[in-house]
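Novice: Below is one structure. I have some questions about it.
The values are calculated or read from the model by the stated rules, or taken from the named source; none is laboratory data. In this text the structure is predicted, and so the values were computed from the model without any measurement. In this analysis, Cβ positions are derived from the backbone assuming ideal geometry, glycine residues included, and neighbour counts consider all displayed protein chains. Just the protein is used for accessible areas: all its heavy atoms, side chains included, with ligands, DNA and RNA removed. Shrake-Rupley method; radii C 1.70, N 1.55, O 1.52, S 1.80 Å.
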Amino acid sequence: MEDLKKNKGKKRCSFCGRPEAEVNFLITGVNGFICDSCSLQAYEITKKASQIGQATTGKTKLDLSELPKPTAIKEFLDQYVIGQDDAKRYLSVSVYNHYKRLMQKNTTDDVEIEKSNIIMVGHTGTGKTLLAKTIAKMLKVPFTIVDATVLTEAGYVGEDIESILTRLLQVADYNVPEAEQGIVFIDEIDKIARKSDNPSITRDVSGEGVQQGLLKLLEGSVVNVPPQGGRKHPDQKMIPVNTKNILFICGGAFDGIEKKIAQRLNTHIVGYTAARKTAVVDKNNMLQYIAPQDLKSFGLIPEIIGRLPVLTYLDPLDRDVLRAILIEPKNSIIKQYIKLFEMDGITLTFQENVFDYIVDKAIEYKLGARGLRSIVETIMMEAMFEIPSKDQQAFEVTLEYARQQLEKANLGRLQSA
């Protein structure tokens, strides 16, 4: 017994030096030992090394033999997104042309097709991010969505521009050839508009500074990308990524840009002093007249606008479109709640006039499509809390019940938002 204790005290991990008594277990080798903690660290190191090795030597596995035609892409989008036909057409054509550019690599033709990056302008809640998320479901190339609000110039608090490509690498499992054929959706692009008309007054590190950094990505150049993020691991090995064939789709609300459009059209959004030539202008949808010079007036630098040649807009949501969004898409809000109750064995139904009431409130609160979920969630919260505990097989939402729940929640406070 004493000999066993002596031997146990002598065994130590050959890596960290801890004795057997201080670890969970030791793995015995030919001339040494390794503890459970060191073996886990060795596994993580090996895993990261293999990812970087794959990133530098990987080959593309993408099969582009059967390209989805623009009409097929739009039909797929129609199943999930209501309306916005113009934006869907632009998006479908751009994605289809992106596929054709990738296939052109195998040809010997002298004509080189350049990429057409897109910028989509639309009010909050009209479906910009939803379009991007939906089209990602059917793409055959790596796709990622990044938020421009967190980006700053290198050396300042926030994320570096290269973190955009880090996300794309992660989606492609660190396979560089695949990542170099991917698509990036940059959301909230309007939040990096420069804060001052005179760029020389102050250093705009989250506005114009980010735009300057984005130029090399949008145009196409070899960028050294940190595989684990830029600032947390300064000693990591950089991965070169060529952005020449990466398609960039940008989206933003550009709140207040209607005033810039109205000034250019020499008209007024409010009032009776409109010029004679503005009689045909639809003042309820000024975004349809948007032009590149309006983006420049808003605060995007000309170099960025030139690298986003395809400009499209999203229509504001009227009453009929909001009602359709509520009930028609494959993953509509109402179908989601019906599914939630069905999982508890409860049949959930709604009276038709409840849908009209929800849409009216969404228009009143000016929350867009996102407001529909807020209102339905408020109406259903009490039922979702109580009914699963009861022995109840069915539940119908009436107009009186919906009105009562909204009044109880005092959702009217959203009106001032």
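Novice: Would you work out what percent of the accessible area of the range 235-389, with all protein chains in place, is carbon or sulfur (probe 1.4 Å)?
Specialist: It is 52 percent, rounded to a whole number.
Novice: A follow-up question, please. Using only Cα atoms, what is the ratio of the radius of gyration of the range 307-360 to 2.2 N^0.38 Å?
Specialist: For the range 307-360, the normalised Cα radius of gyration comes out at 1.59.
Novice: Can you tell me the order of 14-25, 378-389 when each peptide is scored by its average per-residue count of other Cβ atoms within 10 angstrom, highest first?
Specialist: By packing density, highest mean first, the sequence is 378-389, 14-25.
Novice: Determine the order of Lys283, Lys115, Lys390, Lys366 by accessible area, beginning with the largest, at a probe radius of 1.4 Å.
Specialist: Lys366, Lys390, Lys283, Lys115
Novice: Mind checking the per residue accessible area of the range 305-417 for me, 1.4 Å probe, whole number of Å²?
Specialist: 55 Å²
Novice: Would you mind computing, in nm to one decimal, how far apart the modelled labels at Glu364 and Met343 are, each placed 7 Å from Cα along Cα→Cβ?
Specialist: Here the answer is 3.1 nm between the modelled labels.
Novice: Then there's this: Nearest 0.05, what FRET efficiency do Gln104 and Asn285 give at R0 = 45 Å with Cβ-Cβ as r?
Specialist: 0.75
Novice: If you count, for each residue, the other Cβ atoms within 10 Å and average over each peptide, how do 32-45, 181-194 line up from highest to lowest?
Specialist: 181-194, 32-45
Novice: Highest mean first, what order results for 159-166, 351-358 on Cβ atoms within 10 Å?
Specialist: By packing density, highest mean first, the sequence is 159-166, 351-358.
Novice: Another question about this same structure. Past the 31 Å Cα-Cα mark, which pairs from Lys260/Lys408; Lys128/Lys259; Lys88/Lys366?
Specialist: From Lys260/Lys408; Lys128/Lys259; Lys88/Lys366, over 31 Å: Lys260/Lys408.
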